[in-house]
Amino acid sequence: MIATVEPPRPPPQGQRILVDRKAAAQVPDTPVVFDCENVEVFYGTFRAVRGVTLKIQANQITAFIGPSGCGKTTVLRSLNRMHDVIPGARVAGKVRYHGVDLYAPEVSATEVRRRIGMVFQKPNPFPKSIYDNIAFGPRVNGISGKADLDVIVEKSLRSAALWDEVKDRLKNSALGMSGGQQQRLCIARTVAVEPEVVLMDEPCSALDPIATARIEELMRELKSRFTIVIVTHNMQQAARCSDRTAFFTTEVDSKNDRRTGTLVEYDQTSKIFSAPSDERTENYITGRFG
Amino acid sequence: MTASSITNPPDLRARPSWRATKNTILMTAMGGAVVLVAIPLIAVLWSVVSRGIVMTFAQFPAFFTEAIPVVSRRPGPGMGPAILGTLLVTGGATVIAVPLGILGAVYLHEYGQSGTFARLVRFMSTVMTGVPSVVMGLFVYLTWTLAFGYSAFGGALALACLMLPVVIGSTEQMLKLVPPQLREAAYALGTTKSRTILTVVLPAALPGIVSGSLLAIARAAGETAPLLFAVGAATAYNPHLFSEANTALSVQIFGNANSSFPAAQERAWAAALTLVLLTFIVTLVARTFTARLALKR
């Protein structure tokens, strides 16, 4: 089970998070990238998540919010088959990517992940040089010419707003960078393989507010080139940068005290934060959750 | 409560306690243990160096190049063939056991995991660690030496059998220490499992794998019993890996130390010092090489 440690920081009682309604009301109807239908995720016999039905649209930022243990990360990882590497994990229901069932037997998880990249909660650069970190993905995909790689490395680092900080020390180890720089390096590394979708699993939870602001700014820039799905504990973050928001919560089975995450509500972010249709969403975003 | 109500400054000095006493007792015990462990090590080094250094470096580099005197009571230098033999036998064993051991560990940790076959292999490997080296020598004698005669390669086979479980065990431990986040990072970029192992997991575990392998090599270089069965005891140079009796430093130490002639005993001490130096140099070279590969922060 992927558990997250920090508690959500709700705003003061009864106070709403402000969303610029005019800008947010114009979320365009772009093509559907992911079509999830009644998705369930099991770890062994334990059902961690049930009943997730939602459509994620292209070139938008979709945020997954909800309390700890509600299955946000679990659902996110089912979108690029990261559960395959966990023994006993299993996905039921349908996850369609441009209409293709991601869990069909002929689908290769490697091919899926090449198109759907992921940035993790904790920055996880390889213990290699900054250059080799970025060049890793392109090399795996068969690009080996030095000139080609140089171009990709510069372009990716510029995309992640990191180029000016590291251009003179590309041969240095990535482990010598600060946490915020490492996370932007991980974003650059993901961008370098030119995926269509970038999944982000609480990318800012280990970062200070300044580094967080940079990553959010980066997400808004990358939106034009990629579809972004972000899991976050920070409701302000979801309100600030996402177009659509999915609210998850935990249901407790009173018979055996088992907790299962489920999707409560999915809508445009402005709607979720101003006029949610479910009482549980309302309680969570106004801090009356509990 | 007002600020002025604090009149006496708090006493922050350490108070005598049972905890502090326990700390002192255990720290002393640990220090004692370090000394206890260091005494035999220093004693061994001292006796080898003090008794071997004159013969080893007296007519430098004669001791390292000249052949071993056929008549063992004749004084004078010569361990060249044994140095070459040790390099051939240990080098051969390394070439066999280290790649095989790393491949085995990769299978056990990355593919077999807790499957029945992997558990069987792991169990067998543990059992193999406990087999006495003389039994391993006997095994090679029966399966190889009886058919093909004495050779450096027979000795390499015997030492490889001894090294293999050590390399498997230490490499598997090192693979376990590679953070799963690194694998996830590679997978998320569309990397296949085999490529992830080759380009992320093994490089990350390399320093540990090198250390484990060096330990196995150092242990094998000093083995005597299996070589007596498989290598023989030549006194002249034999650069052939697969044919004719060869010799090794450990075998020469054993033979010469058993001799009643002072000249031979002197050569045994010098050969012992040579073996220590050889192991030291190999370790140093391998460590430098690994450090070169690892990036500076």
Within region B:102-152, residues surrounded by 20 or more Cβ atoms within 10 Å (Cβ to Cβ) and either acidic (Asp, Glu) or in contact with a His (Cβ under 9 Å, 6 or more places away or on another chain) (or both) come out as B:151, B:152
Hand me the list of helices (runs of 4 or more DSSP H) wholly inside region B:212-297 holding 1 or more residues that are among the charged types (D, E, K, R) and at pLDDT 90 or above.
-> B:262-293
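So that you can scan it fast, the table gives a plain yes or no per residue for (1) under 15 Å from the mean Cα position of the chain (by Cα); (2) buried (at least 18 other Cβ atoms within 10 Å of the Cβ); (3) not aliphatic (A, V, I, L, M):
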{"site": "A:77", "(1), (2), (3)": "yes, yes, yes"}
{"site": "A:104", "(1), (2), (3)": "no, no, no"}
{"site": "A:107", "(1), (2), (3)": "no, no, no"}
{"site": "A:122", "(1), (2), (3)": "yes, no, yes"}
{"site": "A:130", "(1), (2), (3)": "no, yes, no"}
{"site": "A:136", "(1), (2), (3)": "no, yes, yes"}
{"site": "A:142", "(1), (2), (3)": "no, no, yes"}
Which number in (1) within 14 Å of another protein chain (Cβ to nearest Cβ); (2) part of a helix (DSSP H, G or I); (3) touching a residue at least 12 places away in the same chain (Cβ under 8 Å) marks the one condition that residue B:104 misses?
-> (1)
Kindly indicate whether any position in region B:120-131 is closer than 27 Å to residue B:252 by Cα and out of contact with any helix residue (DSSP H, G or I) (no Cβ under 6 Å at 6 or more places or on another chain).
-> yes
Qualifying helices (runs of 4 or more DSSP H) (wholly inside region A:100-175; at least 2 residues being within 14 Å of chain B (Cβ to nearest Cβ)) | A:109-115, A:130-140, A:146-159
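Residues checked against (1) in contact with a helix residue (DSSP H, G or I) (Cβ under 6 Å, 6 or more places away or on another chain); (2) over 15 Å from residue B:181 (Cβ atoms):
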| position | (1), (2) |
| --- | --- |
| A:111 | no, yes |
| A:123 | yes, no |
| A:126 | yes, no |
| A:145 | no, yes |
| A:149 | yes, yes |
| A:159 | yes, yes |
| A:162 | yes, yes |
| A:179 | no, no |
| A:182 | no, no |
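Take the conditions within 28 Å of residue B:166 (Cα to Cα) and in contact with an Asp or Glu (Cβ under 9 Å, 6 or more places away or on another chain) and apply them to residue B:98. Does it pass? Write out each step before concluding.
Numbers: within 28 Å of residue B:166 (Cα to Cα): yes; in contact with an Asp or Glu (Cβ under 9 Å, 6 or more places away or on another chain): no.
When the stated conditions are applied, residue B:98 does not pass them.
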Can you confirm whether region B:283-294 contains a residue that is more than 14 Å from residue B:73 (Cβ to Cβ), over 16 Å from the mean Cα position of the chain (by Cα) and of a type in the set (Lys, Arg)?
-> yes
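Outside any helix (DSSP H, G or I), away from chain A (no Cβ under 14 Å) and hydroxyl-bearing (Ser, Thr, Tyr): is that true of residue B:141 in this structure?
On the way: outside any helix (DSSP H, G or I): no; away from chain A (no Cβ under 14 Å): yes; hydroxyl-bearing (Ser, Thr, Tyr): yes.
Here the answer is no, as residue B:141 does not meet what is asked.
Go over the candidates B:61, B:16, B:10 one by one and state the one that is surrounded by 11 or more Cβ atoms within 10 Å (Cβ to Cβ), free of Cβ contacts under 8 Å to residues at least 40 places away in the same chain and not polar (S, T, N, Q). Give the steps one after another, and end with the answer.
Numbers: B:16 fails: surrounded by 11 or more Cβ atoms within 10 Å (Cβ to Cβ); B:10 fails: surrounded by 11 or more Cβ atoms within 10 Å (Cβ to Cβ).
Selected residue: B:61, the only one of B:61, B:16, B:10 that is surrounded by 11 or more Cβ atoms within 10 Å (Cβ to Cβ), free of Cβ contacts under 8 Å to residues at least 40 places away in the same chain and not polar (S, T, N, Q).
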Within region B:227-241, is even one residue surrounded by fewer than 20 Cβ atoms within 10 Å (Cβ to Cβ), polar (S, T, N, Q), over 20 Å from residue B:162 (Cα atoms) and within 20 Å of the chain's Cα centre (by Cα)?
-> no
Region B:176-197, residues that are part of a helix (DSSP H, G or I), buried (at least 22 other Cβ atoms within 10 Å of the Cβ) and at the interface with chain A (Cβ under 7 Å from one of its Cβ atoms) = B:185, B:187, B:188
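Could you run through region A:81-98 and say how many residues are among the β-branched types (Val, Ile, Thr), without any contact (Cβ under 8 Å) to a residue 60 or more places away in the chain and touching a strand residue (DSSP E or B) at 6+ places or on another chain (Cβ under 8 Å)?
Taking region A:81-98 and keeping what is among the β-branched types (Val, Ile, Thr), we get A:85-86, A:91, A:95.
Filter once more, keeping what is without any contact (Cβ under 8 Å) to a residue 60 or more places away in the chain: A:85-86, A:91.
If we keep only those that are touching a strand residue (DSSP E or B) at 6+ places or on another chain (Cβ under 8 Å) as well, we get A:86, A:91.
Final tally of qualifying residues: 2.
Tell me the residue from B:39, B:68, B:53 that is over 27 Å from residue B:213 (Cβ atoms), aliphatic (A, V, I, L, M) and outside any helix (DSSP H, G or I), please.
Working: B:39 fails: outside any helix (DSSP H, G or I); B:53 fails: outside any helix (DSSP H, G or I).
After ruling out the rest, the residue left standing is B:68.
The values are calculated or read from the model by the stated rules, or taken from the named source; none is laboratory data. Keep in mind that this is a model prediction, so the values were computed, not measured. Note that each Cβ is placed from the backbone with ideal geometry, even for glycine, and that neighbours are counted across all protein chains shown.
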